[in-house]
Amino acid sequence: MIAKEPDGAEAAQRLQGSDAPTLRRSDASTLRFSNRLHCAQCDIEYREPTPSLFSFNHPVGACPACRGFGRVISIDYDLALPDRSRTLAEGVVRPWHTGHGVESQQDLMRACRRLGVPTNVPFRRMPKKWRDFVIEGEPGYGKDEEHEWPRAWYGVKGYFRWLESKAYKMHVRVLLSRYRAYTTCPDCQGARFQPETLLYRFTIDDLRLTSLGSSRRDEIEVRASIANRKSQMTLADFYALPVRDAAVVMKS
């Protein structure tokens, strides 16, 4: 039984049994088909596979967040809170020790008094909800006037967002540079490609290891990073392979 679906798709019902015509629809398995670059079963659209799509050096293929670098420069909160054995009252947030940051330290103490947050407990021993409160700020901060300071706490992240809005000033850029670091891109997780590129995969099979010689196979299987039978690999996975394993894939 074949049913027409919109946008060039069809669904075929595979009926089983001698009384197939009388079977209920729920008893039949459905096979879905599409006449374009689209997985009808999982409803995924694929972009036309062009050379630029598979290059992280091209705007078409590069992750839009990191522009194909795999890393982004952002605030490193381990630098902003380097000694987490300190308490909030002792100044666990380093940039709030001097200058304009002192005012933020006072804001933090006011917010803690309002909500009953302990200020004399080492930061690393505080409950996670309070550690998140200090760094992230209150949920929904900035969405409306009720979620703005002084009605809501902006958090360490809010402080750095404010600093970045003032980055046209030289002394602010200098301050920010002390707490910035390169981190793995949160969007592509270091893959460097945009999501549409990573939809394309190819299958690898560990049977190719047999061609490298049975006397060394045990050693090779221990060292190889791609020994999962019938694994699916993206281009980013291939680029992450050691040269020895990449050579095996190319020869298979």
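The values are calculated or read from the model by the stated rules, or taken from the named source; none is laboratory data. The shown structure was predicted, so the numbers you read here are calculated from the model rather than taken from an experiment. Quick reminder, even Gly has a Cβ in these numbers, built from the backbone with ideal geometry, and neighbours come from all protein chains shown. Heads up: the accessible areas ignore ligands, DNA and RNA and are worked out on the full protein's heavy atoms, side chains in. Shrake-Rupley method; radii C 1.70, N 1.55, O 1.52, S 1.80 Å.
Quick rundown of the values:
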quantity: Whole-number accessible area per residue in Å² for the range 66-134, which is evaluated in the context of all protein chains at 1.4 Å; calculated: 58 Å²
quantity: Computed lengthening from residue 41 to residue 125, 0.36 nm per intervening residue step minus Cα-Cα distance; calculated: 25.4 nm
quantity: Square roots of five times the Cα gyration tensor eigenvalues for the range 55-124, Å; calculated: 37, 12, 12
quantity: With every protein chain in place, the range 37-161: carbon and sulfur % of accessible area (1.4 Å); calculated: 50 percent
quantity: Among 100, 127, 142 the positive-end extreme of the charge dipole of the range 98-145 (Cβ point charges); calculated: 127
quantity: Per-pair calculated FRET efficiency, R0 = 51 Å: residue 240 and residue 106 via Cβ, rounded to 0.05; calculated: 0.60
